[in-house]
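Novice: Handing you this structure, nothing more for now.
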Amino acid sequence: MATLFYQGHGSFRLESAQGKVIYVDPFAGEGYDKPADLILVTHDHYDHNCIDKPVRAPGCALITWKEALEGGHYGRFTLDDIQVEAVPAGNKNHDPSCCVGFVITLDGLTVYASGDTSFLPAMETVLAPMKLDYAILPIDGFYNMDAAEASHCAAVIGARHSIPVHTCPSDNGLLYDPENAARFHCDGRILVAPGQTIQL
């Protein structure tokens, strides 16, 4: 089965049943030793863009917001049996022309990595119709939406499960704020602590 390993802050690692390894927004925590087949970066802020942190497998692909928005269109990418679709992201602290989220399809599952964002109409028009399996949403309430707004977004998106990340600003030195994570409420909520692996 596919797995998700949460490193902390906005960083996590996906691994398919076939052993393909994907890092999303590398920055926080440990667990960068599995060679990456794909690295995804939602935007250029330092706490999402440590692309040299993961070990890379031969032929590792790197997709950042630049490739994802090339030509002014949200791109779609394929790596063997993994598909990646860029979708809108942004808020008052994150220019939507320099930010994306990613919908990653592996082993028949869809995982929405929102990056740094607040509510956007695309959550209703683009993401909800996808009937996602997992939505991974920021809730720090400083650079992004707070837990209440993220809970609303989770309800709008309607993923089977939703996971809060980016639970506090990176400049406070913490990987995770469990009290703030507990304020996030939705059907199918999963709370994942740094260093924890879940099966998808």
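The values are calculated or read from the model by the stated rules, or taken from the named source; none is laboratory data. Just so you know, these numbers come straight off a predicted model, no measurement behind them. Don't worry about glycine lacking a Cβ; one is built from the backbone with ideal geometry, like all the others, and counts go over all protein chains shown. Side chains are part of the model used for accessible areas, which takes the heavy atoms of the whole protein and leaves out ligands, DNA and RNA. Shrake-Rupley method; radii C 1.70, N 1.55, O 1.52, S 1.80 Å.
Novice: Compute the distance from the alpha-carbon center of the range 35-53 to that of the range 9-29, in whole Å.
Specialist: 10
Novice: Rounded to the nearest 0.05, what FRET efficiency do Leu174 and Glu30 have when you use their Cβ-Cβ distance and R0 = 22 Å? Spell out each step's value before the answer.
Specialist: On the way: r = 15 Å, r/R0 = 0.68.
Rounded to the nearest 0.05, the efficiency is 0.90.
Novice: In the range 1-107, what trypsin sites (Lys or Arg not before Pro) fall in a loop by DSSP, with at most 13 other Cβ atoms inside 10 Å?
Specialist: On the way: sites: Arg13, Lys20, Arg56, Lys66, Arg76, Lys92; in loops: Lys20, Lys92.
Sites meeting the loop and neighbour criteria: Lys92.
Novice: Show Asp81, Asp37, Asp187 ordered by accessible area, largest first, where the area counts protein heavy atoms only and the probe is 1.4 Å. Present the calculation step by step, with values, prior to reporting the outcome.
Specialist: Working: Asp81 70, Asp37 30, Asp187 140 Å².
Highest to lowest solvent-accessible surface, that is Asp187, Asp81, Asp37.
Novice: Give the carbon-plus-sulfur fraction of the accessible surface of the range 106-163 in %, rounded to a whole number; probe 1.4 Å, heavy atoms of protein chains only. Could the numbers behind the result be given before it?
Specialist: Working: 1210 of 2030 Å².
Carbon and sulfur together cover 60 percent of it.
Novice: With every protein chain kept in place and ligands, DNA and RNA left out, what is the accessible area per residue of the chain? Probe 1.4 Å, answer in Å². Could you put the intermediate results ahead of the total?
Specialist: Working: 8430 Å² over 200 residues.
Accessible area per residue, the chain: 42 Å².
Novice: Over the range 1-105, what percent of the accessible surface lies on carbon and sulfur atoms, probe 1.4 Å?
Specialist: Within the range 1-105, the accessible surface is 52 percent carbon and sulfur.
Novice: Which residue, chosen from Ala113, Ser170, His9, occupies the Cα position most advanced towards the positive end of the dipole of the chain, where the dipole is computed from +1 (Lys, Arg) and -1 (Asp, Glu) charges on Cβ about the Cα centre?
Specialist: Ala113
Novice: Summing -39500 (n - 2.57) over the DSSP H runs of n ≥ 4 in the chain and dividing by its residue number, what mean residue ellipticity at 222 nm do you reach, to the nearest 500 deg cm²/dmol? Can you show the working numbers first?
Specialist: Working: 3 runs with 19 residues, N = 200.
When only DSSP H runs of four or more count, the value is -2000 deg cm²/dmol.
Novice: Further, regarding this structure: According to a simple spin-label model (label point 7 Å from Cα along Cα-to-Cβ), what is the distance in nm between Ala182 and Gln196?
Specialist: 1.3
Novice: Still on this structure, please answer the following. About its Cα centre, what dipole magnitude does the chain give when the only charges are +1 on Lys and Arg Cβ and -1 on Asp and Glu Cβ, stated in debye to the nearest 20? Please list the in-between numbers first.
Specialist: Details: 12 positive and 25 negative charges, 60 e Å.
Here the size comes out at about 280 debye.
Novice: Need the C-alpha centroid separation for the range 81-155 versus the range 58-78, integer Å.
Specialist: 17
Novice: If you take the square roots of the eigenvalues of the alpha-carbon gyration tensor of the chain and sort them as a ≥ b ≥ c, do you get rounded (a/c under 1.5), prolate (a/b over b/c) or oblate?
Specialist: Numbers: a/c = 1.26, a/b = 1.16, b/c = 1.09.
Rounded, because the longest to shortest axis ratio a/c is under 1.5.
Novice: How long are the three semi-axes of the equivalent ellipsoid of the range 98-200, in whole Å, if each is the root of 5 times an eigenvalue of the C-alpha gyration tensor, listed from largest down? Numbers along the way, then the final one.
Specialist: Working: eigenvalues 82, 50, 32 Å².
Values for the range 98-200, descending: 20, 16, 13 Å.
Novice: Please say if the range 3-50 is rounded, prolate or oblate, where rounded means a/c under 1.5 for a ≥ b ≥ c the square roots of the C-alpha gyration tensor eigenvalues, and otherwise the choice is prolate for a/b larger than b/c and oblate otherwise?
Specialist: Values: a/c = 2.18, a/b = 1.65, b/c = 1.32.
Here the range 3-50 falls in the prolate category.
Novice: Could you check what % of the DSSP bridge pairs in the chain are antiparallel, to the nearest 5? Walk me through the numbers on the way to the answer.
Specialist: Working: 28 of 44 bridges.
Here the share of antiparallel DSSP bridges comes out near 65 percent.
Novice: Reachable lysines from Lys20, Cα under 29 Å, same-chain residues fewer than 8 places away excluded?
Specialist: Lys34, Lys53, Lys66, Lys131
Novice: Right, here's the next one. Pop the C-beta distance of Arg160 and Asp44 into the FRET formula with R0 = 30 Å and round what comes out to the nearest 0.05.
Specialist: On the way: r = 31 Å, r/R0 = 1.03.
The computed FRET efficiency comes out at 0.45.
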